[in-house]
Amino acid sequence: MKIKILKRTGLVLLSIVILLVAGYFGIAYHMKGRTSRQYSFESEKLDIPSDSASIARGRHLSIIKGCQDCHGTDLGGKVMMDDGGVGTLSASNLTRGKGGLPEGYTTEDWVMSLRHGVDQSGVPLIFMPSHETTLLSAEDMSAIIAYCMHVPAVDRELPQIKLGPVANVMGYLGKMPLLAVERINHTAPMLAKADTTESIEQGRYLAISCSGCHQSDFKGGDPVAPGMPPVPDITSSGAVGAWTQTQFIQTLRSGKTPAGHQLKNEEMPWKMTAQYEQKELASLYKYFRSI
Ligand code: HEC
Ligand code: HEC
């Protein structure tokens, strides 16, 4: 009798395992299809400036838009993650050095990556937040490209991206932003120029960089990855609603909240927000308080 029950439980468990494995292979196959699909978008040209003011602006943007966080401060690329579960995620070497952008990488290719989230051959870029860069103004995008083309070549060969089981399943469930190309409105016209004076408008434009974690309504939500803290509401209905502008700016400069809580840079990138200009942080404050 006992043996029979054990046998039956064993069979049930075995079937569950088989179902899970089959389910995972199904998901992996599905994700393989989505990540290797070929897209085709009309190419666009942008005039890339070469004056020092534009290059300095491009450098500032490459910091506050997080390009340097992922691609390295020298833009020579970085392995962002390398573990059995998630897999290998490398952010490309964006320079002309060995292991860098392919020979003959044109301005149109740059725009294709930043506007549409696909590489030179039309295949999706993985984990590159093109759904955010697509919202850059033409002026800012040109300045970033100008800066990236201007930095010294770095020789750094990076391992190819390989999605592990955790990334495949999270990507499948829409819990990890792997495929920006699927989230972009590819026909939206490009904003010519963004507001650069202190205002709610400027805050709205800058806040795009916060939406990846704080959600598009900035009301926060679940942790962005397992083991991370939940993401707080940063609108007037969250703690920020009771902060003064000075407290808000101090928090984003020092990583320390008015309540004395020290934010960890790996969870909330305050070393990036610390490099925003005073007026940019003031605009963010005005915008978050307005919603
Ligand atoms: C969250 C991390 C992250 C941020 C932030 C980020 N990137 Fe990327 N980027 C990546 C990854 C990862 C790839 C590699 C995608 C691939 O190979 O599929 C990539 C690829 C690219 C490519 C395509 C290069 C190629 O090999 O085809 C360009 C161009 C690029 N990024 C530019 C930028 C710029 C400019 C910024 C800032 C405005 C930026 N990235 C911000 C992660 C990031
Ligand atoms: C990579 C994800 C990520 C990005 C990008 C991000 N944040 Fe955060 N932020 C977090 C997390 C997670 C916390 C909570 C950390 C903790 O509890 O220690 C947080 C906390 C905060 C807090 C403290 C709120 C409170 O109630 O204590 C503020 C303010 C904040 N973020 C503002 C911003 C702004 C402004 C931007 C964009 C310029 C931004 N964040 C971008 C993840 C992010």
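The values are calculated or read from the model by the stated rules, or taken from the named source; none is laboratory data. Keep in mind that this is a model prediction, so the values were computed, not measured. Cβ sites come from the backbone with ideal geometry, for glycine too, and all protein chains shown count toward neighbours. Only protein heavy atoms, including side chains, enter the accessible area calculation; ligands, DNA and RNA are left aside. Shrake-Rupley method; radii C 1.70, N 1.55, O 1.52, S 1.80 Å.
Could you tell me which residue of segment 227-238 is most open to solvent (accessible area, probe 1.4 Å), considering only residues that are touching a residue at least 40 places away in the same chain (Cβ under 8 Å) and more than 6 Å from ligand 2 (Cβ to nearest atom)?
S236
In segment 89-107, what residues are closer than 21 Å to R37 by Cβ, at pLDDT 95 or above and open to solvent by 20 Å² or more (accessible area, probe 1.4 Å)?
Of everything in segment 89-107, just one residue is closer than 21 Å to R37 by Cβ, at pLDDT 95 or above and open to solvent by 20 Å² or more (accessible area, probe 1.4 Å), namely S92.
Here is a check on your reading of the model: is S62 open to solvent by less than 20 Å² (accessible area, probe 1.4 Å), free of Cβ contacts under 8 Å to residues at least 60 places away in the same chain and assigned to a helix (DSSP H, G or I)? Quick ask: steps written out before the conclusion?
Working: open to solvent by less than 20 Å² (accessible area, probe 1.4 Å): yes; free of Cβ contacts under 8 Å to residues at least 60 places away in the same chain: no; assigned to a helix (DSSP H, G or I): yes.
No; evaluated as a whole, the condition is false for this residue.
Per-residue answers, yes or no, for (1) surrounded by fewer than 18 Cβ atoms within 10 Å (Cβ to Cβ); (2) within 9 Å of ligand 1 (Cβ to nearest atom):
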| position | (1), (2) |
| --- | --- |
| T133 | no, yes |
| L136 | no, yes |
| E157 | yes, no |
| L163 | no, no |
| A167 | no, no |
| H186 | yes, no |
| T197 | yes, no |
| G203 | no, no |
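For the list (1) open to solvent by less than 50 Å² (accessible area, probe 1.4 Å); (2) away from ligand 2 (no atom under 16 Å from the Cβ), I need the number of the one condition that S36 fails.
Here S36 clears every test but (1).
Which residue out of G241, G203, G212 is in contact with a helix residue (DSSP H, G or I) (Cβ under 6 Å, 6 or more places away or on another chain), near ligand 2 (Cβ under 10 Å from one of its atoms), not in a loop (DSSP other than H, G, I, E, B) and not aliphatic (A, V, I, L, M)?
On the way: G241 fails: in contact with a helix residue (DSSP H, G or I) (Cβ under 6 Å, 6 or more places away or on another chain); G212 fails: in contact with a helix residue (DSSP H, G or I) (Cβ under 6 Å, 6 or more places away or on another chain).
Answer to the selection: G203.
Any residue at all in segment 146-154 that is within 14 Å of ligand 1 (Cβ to nearest atom), open to solvent by less than 30 Å² (accessible area, probe 1.4 Å) and under 14 Å from the mean Cα position of the chain (by Cα)?
no
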